[in-house]
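The values are calculated or read from the model by the stated rules, or taken from the named source; none is laboratory data. The shown structure was predicted, so the numbers you read here are calculated from the model rather than taken from an experiment. Glycine gets a Cβ as well: all are built from the backbone with ideal geometry, and neighbour counts include every protein chain shown. The protein model used for the area step is the full one, side chains on, heavy atoms only, and it has no ligands, DNA or RNA in it. Shrake-Rupley method; radii C 1.70, N 1.55, O 1.52, S 1.80 Å.
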Amino acid sequence: MSKASRVRSRSLQLAALGVLASLSAAPASAGTLDTVKQRGTLQCGVSEGVTGFSDKDAQGSWRGFDVDFCRATAAAVLGDASKVAFTPLSASERFEALKSGKVDLLARNSTWTLAREAQLGLAFTGITFHDGQGFLAKRALGVDGALALDKAKICVEAGTTTQANLADFFRANSMSYEEKAFPGAAEALSAFQSGQCDVLTRDQSALHGERLKLAKPADAVVLPDVISKEPLGPVVRSDDFAWFNLVKWVNFALVNAEELGIAAANVDEALKSQKPDVRRFTGAEGDFGKALGLNADWAIRAVKATGNYAEIYERNLGTGSQLAIPRGLNQLWNMGGVLYAPPLR
């Protein structure tokens, strides 16, 4: 190589190094956590009204299982569970609202599926409620199970996994049905009540709430059959791993808190504990909050604001609610359920 060529080569190398240096020095685009902190409010997408999960009370305040998860996340991130702006979203618009950045977090009784992650660019942060699809039938229909629904008229919300599961169930059992599809849950329930269909299909947890909205709840019955797996959980965009990790660990923290016996009522006691696993949870040891971009006491702040998983469940869905849904699969793994969270260590 000639001297001139060596000079040109060296110049190109230096130029490339300069470009790399400028790129490394340039500030990264703000992630969701930074955006939420700067805004001072968590934007959370919820349903338009599912009893027990996300609905407005008589005073116009949002209440429910999913609502409490949003508040726990706000408490962990911002130190204040009230710093949440709730955006009610229909089934058809929920994922686009998340992808477009209209909301930071979607906690809207959504089922975790492969297509929603691989095709939509979303990431589920775990399972907060293990559910399954069922049927609410008019008592006058005289059926005691889903296999007796051949030729029935069935109301369903369009554009959901519920609609797809319904078709799969009847096809698999060589049965026929007349589908009545509606754009929203409210329209489907109204059609069921007015007699346009004999059966309403949704997740079983939602059906218990829908039944209570009827003028005569005793005239309908939730059939015992569960025809699908519906793992429900919070969703974030898949392009922000740090935010995904944070929301995931808020979920795990609420479960671990129940397992450790840490509740809203005994937070002060937990802060004085000398047990290693409790001290890690409260932030007295390990400083795991730093790895998430949070204060050391992030997990205990979440529990103090909303309670642990059991408290959230019982208040909204279980014995402390009008639904009184048994925990079943949503019991801790060491209590006969499948609820299991990785350790905070």
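Points worth noting:
- Helical contribution to [θ] at 222 nm, DSSP H n ≥ 4, -39,500 (n - 2.57), averaged over the chain, rounded to 500: -12500 deg cm²/dmol
- Accessible solvent surface per residue of the chain, calculated while the other protein chains remain in place, 1.4 angstrom probe, Å²: 47 Å²
- Loop GluC sites (Glu not before Pro), the stretch 177-212, which have at most 10 other Cβ atoms in a 10 Å radius of their Cβ (DSSP): none
- Residue-wise HN-Hα coupling along the stretch 135-144, computed from phi with Karplus coefficients 6.51, -1.76, 1.60 (Hz; x: Gly, Pro): 9, 10, 10, 4, 4, 5, 5, x, 9, 10
- Three-way shape label, the stretch 114-224, alpha-carbon gyration tensor, a/c 1.5: prolate
- Put simply, the convex hull of the Cα atoms in the stretch 192-345 casts, on average, a shadow of 11.7 nm².
- Sites Gln196 and Asp168, calculated FRET efficiency, Cβ-Cβ separation with R0 25 Å, nearest 0.05: 0.65
- With K and R counted +1 and D and E -1, the other residues having a Cβ less than 15 Å from that of Tyr313 yield a net charge of -3.
- Partners for Lys151 among lysines (Cα-Cα distance below 27 Å; same-chain residues under 8 apart left out): Lys138, Lys180, Lys213, Lys216, Lys229
- Around Thr41: net Lys/Arg minus Asp/Glu count, Cβ-Cβ under 15 Å: +2
- Between 0 and 90°, nearest 10: helix 204-213 axis offset from the chain longest Cα axis: 60 degrees
- Remark: the stretch 162-172, residue by residue, has Karplus-estimated 3J(HN,Hα) of 4, 5, 5, 5, 4, 4, 4, 5, 6, 5, 5 Hz, where x stands for each Gly or Pro and the curve is 6.51 cos²θ - 1.76 cosθ + 1.60 at θ = phi - 60°.
- Between Ala186 and Asn295, the C-beta separation translates, for a Förster distance of 45 Å, into a calculated FRET efficiency of about 0.65.
- Note, ³J(HN,Hα) from phi for the stretch 229-235, Karplus 6.51, -1.76, 1.60, rounded to Hz, x at Gly and Pro: 9, 10, x, 9, x, x, 10
- Cβ-Cβ FRET estimate between Leu114 and Asp57, R0 fixed at 35 Å, reported to 0.05: 0.45
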